[in-house]
Structures are given as C-alpha cells and as structure tokens.
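Taken together, the values in this text are just the output of simple stated rules run on the coordinates, not laboratory data. As the structure is a prediction and not an experimental result, all values here were calculated from the model. All Cβ positions, even for glycine, are placed from backbone atoms using ideal geometry, and neighbour counts span all protein chains on display.
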C-alpha cells in the first residue's frame, strides 16, 4: 500500500516563499538591499541572512529532532540576540538568499515526504511548552509571511516611493 504524502496548507506557503521574495526583489540594487530604515531595524540583506540562518538553525533543527526523538526539548530561537551580536549584518544579500533557497528546497522535499500522522509528533519548547509538528509548520509559514511583508515594505520605500513624483503627497512609507 503506498504511503500518504503530506498535503498541508502551510507547506504550500513554505514552498512558494522563495519565489515570492525573488519576484519582490527583482528591481532591488545592492545598495538598496543594504539600506536600513533606522538603527536597530533590518535591511533587506539582514532579513535574508536571518531567513537563511533560521531555516537551518531553528526550523530544520527542530524538524529533525521532532522526527528522530520522542517529545524532544527544542530551544527558543532569539533573533534579537543574533541581531545584537551582528550575526545578520555585513552579508551579501544574494549569497544569503541563495543559501536560504537551497536550504528551503531541501526542507520542502523532506516535508513533502512525511506521513500525515507525523503532524501529531510533539516537542517541548523551552519557552512556550508543548508543540506539535503541525503547530511548527503553521509557525514556519507565519514567520515567512511576516518577512515577506517586511521585505515588501523595504522594497516599497527604496525602489518605488522615491520615484512617485507629486504622488508622494498621497502616500507614506513605514518600513
């Protein structure tokens, strides 16, 4: 009997995020990708490095633990601490994006081969308690969409807003 393959709404979002980001960034220059709207706020390049880092050091790590162990403990991912340490700064946006895409492709392949029953597997998150793989997939898609929105606002502010001419009076940007 053939094994059922995972069909999950979050998986389709997770699979399409790189393409969405690629399309958003089609007209972004290297200079624009490194612009941050204010101290302590992310540039596009920093968001892409964060996505690359969190893909392997949080989501893939948790996924492997949940699949390999019964109810393992998973650590919180503190993006603010990584940002403060400079983990995301000074990186080439395209290199970070390529690394993110490569990891994401691998993760989507793995996720799509899972049996639907694996969604019930649990882990203990050190800060929030018990989570299921299903919860984590929803978090993964939710996280992606937050950064799609963030990059969209940065692209709006850097690529299109400066060239609106008199229409600028009708808009504001808050990247």
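Before moving on, here are some points about what is shown:
- Residues residue 170 and residue 20, FRET efficiency given R0 of 25 Å [Cβ-Cβ distance, rounded to 0.05]: 0.40
- Acute angle (nearest 10 degrees) that the helix 93-112 long axis makes with the longest principal axis of the chain, alpha-carbon atoms: 30
- Computed [θ] at 222 nm, helices only, for the chain once each DSSP H run of length n ≥ 4 contributes -39500 (n - 2.57): -16000 deg cm²/dmol
- The alpha carbon radius of gyration of the chain, expressed as a multiple of 2.2 N^0.38 Å, is 1.15.
- Most to least packed among 166-174, 24-32, 89-97 [average Cβ atoms within 10 Å]: 89-97, 24-32, 166-174
- Inter-part distance where the stretch 112-175 and the stretch 58-111 are each reduced to a Cα centre, Å: 14
- Projected label distance in nm at residue 67 and residue 36, using a 7 Å step from Cα toward the beta-carbon: 3.5
- Relative exposure of 35, 140, judged by other C-beta atoms within 10 Å (fewest first): 35, 140
- For the pair residue 27 and residue 87 in one chain, pulling the backbone fully straight at 0.36 nm per residue adds 19.0 nm over the alpha carbon distance.
- The relative contact order of the stretch 1-134 comes to 36 percent, based on Cα pairs under 8 Å that sit 6 or more residues apart.
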